[in-house]
Amino acid sequence: MNEGIGSNSTRIKRDTKLISISSVDLNTKANYQDFQRFQVIDVPMAGDAEATLPALIEAVKQAGPNKSAIEKRGETARKAYAEGNERTRAAAALGWDASPISTARMCMELYGAIKDLDWSLVASEGNVSNWPNRLWPMEKHYHWLGASGGYGVGYGAPASVGAALANRDLGRFSVSIQSDGDLMYAPGVLWTAAKHKIPLLAVMHNNRGYHQEVMHVQRLSNFRNRVANLGGDMGPVGTSIQNPDVEYHKLAESMGWWAKGPIKDPAQLGPALREAVKVVQGGQPALLNVWTQPR
Amino acid sequence: MNVILSAAKNLLFATGLLFAPLVLAAGSAEKGKVAYVQHGCWQCHGFVGQGSVTGPKLAPNPIPPEAFSAFVRFTNGAMPPYQKSILSDGDLADIHAYLQSLPKAPDYKSIPLLNP
């Protein structure tokens, strides 16, 4: 576990044999492809984990496991999960009525609007504190399609259009949490979605900044006894997307989308989402430009 | 007796010196809201101190001003320390006052969207 400041510690009991069954081993294309630290594995097996699971379960059953110990561990895990879930909900309530809109409020208003549909969260690249993964019930494989895989910036918009194209033929409702910085990389994909009638609800996580590097800039400024914010924007130099504020709803409209915004009042978000859902169900992509908290 | 009293006075003085740099005068919540944005606290902790994956919650009920000051000045973790030349004691006190002024969050059990 890396604390973010260079230390490492293990959570694995000493002398435990660690076996890995994963197709990640097959991703490596070059000796420079893998990054960061490696997990020390005793027996690495390159293979499909999902396909392996039934055989693994049978092998565990035949080994005659200690059922009461397993049940006790299960009970402890369920209790820990329930307690953690309560803490997460309490954390989501913080800043609930704030403006700009909290990421928790945005994500839960969104879920409220789509929960009765066969929904698929096709992209969420901007770090909304993982609220969908923490609070939405991710019970089907297409509920969450994952991230870029390499912290790719600009992945979200084109990936969501591609996934929405696939979902269209399967009758699924595609929704993306679209970051403003991400959309600045390839905004032309909005036209592609409208041209090919790809229904997609893009709810913007518009924190008016690329934002990811702000703490690095702040840290270096502090170390060098320099002020990070020169006063023009709310963030450190070169990290904000404001002054002028980009009107993404107008950008989307110009490319054939239905769009609304900027939405800064959380009370307006629910009605706007319900309206947008109806538009997408009619076959047109829709974008809501929502002003949010940074993370 | 005089020796004991003298020692007690010296101890109190030394303790005062030890904590003096960390004691913040009462600040202004209104100025603190401006300073909170200007000094970048919102970037990780959110505009109302609600916290996020990048920084813990600061409000409501922020830690006491002395602990707050000590942490901001001397932290050596993921958050960078802010020296007085960057963030004055006055601004720090104002920021603390702003955090103290923030209202309590609603009980999540009262929010239908958080209890599907």
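Read the figures in this text as sums done on the coordinates, not as results from a lab. Just so we're clear, the structure is a prediction, and the values are computed from it rather than from any experiment. Neighbour counts are summed over all protein chains in view; Cβ atoms, including those assigned to glycine, are modelled from backbone coordinates with ideal geometry.
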* Structure fact -> When (1) surrounded by 16 or more Cβ atoms within 10 Å (Cβ to Cβ); (2) in contact (Cβ under 8 Å) with a residue 40 or more places away in the chain; (3) not small (Gly, Ala, Ser) are applied to residue A:197, the one that fails is (1)
* **When residues of the range B:72-86 are limited to those that are facing another protein chain (nearest Cβ under 7 Å) and under 21 Å from residue A:213 (Cβ atoms), the one surrounded by the fewest Cβ atoms within 10 Å (Cβ to Cβ)** => B:77
* **Filtered residues of the range A:234-264 (kept if of a type in the set (D, E, K, R), touching a residue at least 12 places away in the same chain (Cβ under 8 Å) and surrounded by fewer than 19 Cβ atoms within 10 Å (Cβ to Cβ))** => A:245, A:247, A:264
* Number of positions in the range A:182-221 that are under 18 Å from residue A:102 (Cα atoms) and touching a strand residue (DSSP E or B) at 6+ places or on another chain (Cβ under 9 Å) -> 10
* Asked: Filter the range A:212-232 for residues that are surrounded by fewer than 23 Cβ atoms within 10 Å (Cβ to Cβ) and under 26 Å from the mean Cα position of the chain (by Cα); which is nearest to the other protein chains (Cβ to nearest Cβ)?
  -> A:219
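Using the structure shown, decide if residue A:220 is closer than 25 Å to residue A:291 by Cα and of a type in the set (A, V, I, L, M, F, W, C).
Judged against the criteria, residue A:220 is not a match.
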* Asked: Only one residue in B:96, B:45 is in contact with a Gly (Cβ under 7 Å, 6 or more places away or on another chain) and more than 10 Å from chain A (Cβ to nearest Cβ). Which one?
  -> B:96
